[in-house]
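The values are calculated or read from the model by the stated rules, or taken from the named source; none is laboratory data. Since the model is a prediction, treat every value here as computed from it, not as a measurement. Quick note on the areas: whole protein, heavy atoms, side chains included, nothing else; ligands and nucleic acids left out. Shrake-Rupley method; radii C 1.70, N 1.55, O 1.52, S 1.80 Å.
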Amino acid sequence: MKQDMKKLSRRRFLAVTGAAAATVAAGPTFAKVGNARTLKMRNLHTGERLNTTYWSNGDYDSAGLKQFNRLLRDHRANEVTRMDPKLFDIVYKLKEKLNFNGEVEIISGYRSAKTNAKLRAAGRGVARRSYHTRGMALDIRMPGISTTRLKNAAKALRAGGVGHYPKSGFVHVDTGPVRSW
């Protein structure tokens with residue numbers, strides 16, 4: 001009995017340490033320690049442009065993120081929120097995957113609950129519990145890249161939700177559950 005307990009303990013120890021080692025080796029999905037990540041974006045509603053680094057020295061850059069939060073504010077209410085940094089990872093990965101070096105055009109970033117309700121009431125196809133109201137979604141396009149190609153690249157990342165709006169000329173990406181429409 002005592003020997004069985006030793007085996008069981010050893011097995012549990014190996015299982016736990018093996019799982020921990022695998023987790024550490026896998027690391028975060030988008031993490032590249034030491035590499036700076038810079039994005040160029042333009043808010044189509046305000047005309048504002050930003051070309052800044054949001055990740056450097058193995059971590060998110062708070063000054064860069066703050067600048068992106070401002071760029072992606074609800075321009076109707078002039079309200080800023082903290083955008084999910086993983087959104088920038090998604091856009092960065094799309095930029096790399098599509099070999100895109102231009103400005104990512106922003107159709108919609110953060111939307112306050114009041115703005116979201118107003119757009120929804122106007123019949124704009126806006127979700128009641130939109131990820132835009134949580135700072136977890138962007139509607140984007142990349143000039144010179146078709147929305148179909150952008151949508152397919154975003155879906156291949158399996159990093160969140162992807163919506164394709166070819167008639168409006170943009171793709172929605174969010175950091176919610178993996179799904180598409």
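These residues, 142, 136, go from largest to smallest accessible area, 1.4 Å probe, as 136, 142. A 1.4 Å probe over all protein chains sorts 131, 110, 54 by accessible area into 131, 110, 54, starting with the largest. For region 62-84 versus region 95-172, the spacing of their alpha-carbon centroids is 16 Å. Per residue, the convex hull spanned by the alpha carbons of region 125-166 comes to 78 Å³. In this structure region 69-181 gives 50 Å² per residue of accessible area when probed at 1.4 Å with all protein chains present.
With all pairs of different C-alpha atoms in the average, the Kirkwood value for the hydrodynamic radius of region 73-153 is 13.6 Å. Of the beta bridges in region 33-108, as assigned by DSSP with both residues counted there, near 75 percent are antiparallel. Note on region 109-181: Kirkwood hydrodynamic radius from all Cα pairs is 12.6 Å, rounded to one decimal. Against the criterion of solvent-accessible heavy-atom surface with a 1.4 angstrom probe, 173, 178 sort, most first, into 178, 173.
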